[in-house]
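None of the figures in this text is laboratory data; all of them are computed from the coordinates on show. The shown structure was predicted, so the numbers you read here are calculated from the model rather than taken from an experiment. Please note: Cβ atoms are built from the backbone with ideal geometry, for glycine as well, and neighbour counts cover all protein chains shown.
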Amino acid sequence: MLKPETEQELGEAIRSAKAPLAIRGGGTRLTGQAGTPLSVFGLSGITLYEPGALTMVAQAGTPLAEVEAALAAENQRLAFEPMDHRGLLGTGGEPTIGGVFATNTSGPRRVQAGAARDFLLGVRYIDGMGRAIKNGGRVMKNVTGYDLVKLMAGSWGTLGVLSEVSFKVLPRPETEATLRLAVADAGAAVRLLSAALGSPFEVAGAAYDPAQGAALLRIEGFAASVAYRAEKLIALLGDAELAEAAASAALWAAIRDAAPFHGAPGDVWRLSCKPSQAPELAARLKAEALLFDWGGGLIWARAPEGTDLRARAGAYNGHATLVRATAETWARLGMVQPQPGPLAAIEAGLRAKFDPRGVFNPGLMG
């Protein structure tokens, strides 16, 4: 494994590559990629933190735990709530801030706050020729030329290897609470979640766990505001059990990390869709277990090993990602959903510009 410790060493490792590179952060993900592993974990450390400006700059290999600890000391947090994949995938290592942005990893709060890419202000990365590129800055309005910042977020290291990221953070709310409402099925759950998200009561999480037969709604903010909004939502939606503070946080950590699937056999898929399509789509999957997040816009599904859930899903507005599987299944089905022809051509053109030698995670994104 290549383990550069500076941006200069990272550039040299890429320039010297004679074969494909499998880009790694903290080693918590499984992608089934072949190639010489290249880890950025050695590029670590918070280089700038301005709590008053709600901004932080960190090297890409900085452990996520280090970032979150520094923010917690100033009563701040990452608003987009990135998932920890280790329990689901049975891996070790440490999630890194670069890995979070490279994969656009966004948790339950995305329905209110937005995705990881919405908080990314600037990047430094190494392109396929080993050149260091900088784009963006430390303020949201610093946008000149191509918005490479948004392009790099979610590219999974196929366009360049992040060496440093700057991003916006937010204050931590005083408290939170979760309403647990009994629902009959996925259709009833999605209707309830949609009503809550469409209300003026600022819901910060909207999930449905079929195993519990319950829809879950999170509210965050000042204690008086949380109590008021909980009361209003109960009046709007019906009776609910209430979990507060630490109990609420534990519920959403489990949803964020797909905890119901930890240690259970089979492949795990992650499907993005229109919430209105979620109940019918979920029924077609015939999965062994399901978990709905983002008001129904995200479906976690566990299926027997080797099952092609994309074929079962058929046509819908969204895509399916294979998150956990054997090497054989990954090779056969691919991690990400194949793009339609026009989008595949655009993607291939971008990769040819950013990585003309084709060394970054070949085959990963199409």
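Tell me which label goes with the value of P(r) over Cα pairs in 20 Å bins from 0, in percent computed from the coordinates here: (1) 29, 58, 13, 0; (2) 21, 41, 23, 12, 3, 0; (3) 28, 55, 17, 0.
(1)
With runs of 4+ DSSP H residues as the only contributors, calculate the mean residue ellipticity of the chain at 222 nm using -39,500 (n - 2.57) per run, divided by the residue total and rounded to the nearest 500.
-8500 deg cm²/dmol
For region 7-171, evaluate the Debye formula with one uniform point scatterer on each Cα (no solvent term) and list log10 I(q)/I(0) at q = 0.08, 0.12 Å⁻¹, rounded to two decimals.
So the normalised log intensities work out to -0.21, -0.49.
Work out the charge dipole of the chain with +1 on the Cβ of Lys and Arg and -1 on the Cβ of Asp and Glu about the Cα centre, then indicate which of 201, 148, 62 is farthest towards its positive end.
148
For region 155-165, what does the Karplus curve 6.51 cos²θ - 1.76 cosθ + 1.60, with θ = phi - 60°, yield as ³J(HN,Hα) per residue in whole Hz, taken in order and with x for Gly and Pro?
Taking θ as phi minus 60°, the curve returns 8, 6, x, 8, 9, x, 9, 4, 10, 8, 9 Hz for region 155-165.
Name the residues of region 170-209 whose amide N is less than 17 Å from a point 7 angstrom out from the Cα of residue 247 along the C-beta direction?
Once the point is set 7 Å along Cα→Cβ of residue 247, 175-182 turn out to lie under 17 Å by backbone N, inside region 170-209.
Note down the relative contact order for the chain as a percent, whole number, built from C-alpha pairs under 8 angstrom at least six residues apart.
It comes to 18 percent, rounded to a whole number.
Along its three principal axes, how long is region 259-333 when you only count alpha carbons? Whole Å, largest extent first please.
In descending order, the Cα extents are 33, 26, 17 Å.
Which of the chymotrypsin sites (Phe, Trp or Tyr not before Pro) across region 220-312 are loop residues per DSSP, with 12 or fewer other Cβ within 10 Å?
222
Each label point is 7 Å from the Cα along the Cα-to-Cβ direction; what then is the distance between the points at residue 231 and residue 12, in nm?
Simple spin-label model gives 6.6 nm for this pair.
Looking at the chain as a GNM with Cα springs under 10 Å, which of 153, 102, 287 has the largest mean-square fluctuation?
Evaluated over the chain, the most mobile residue of the options is 287.
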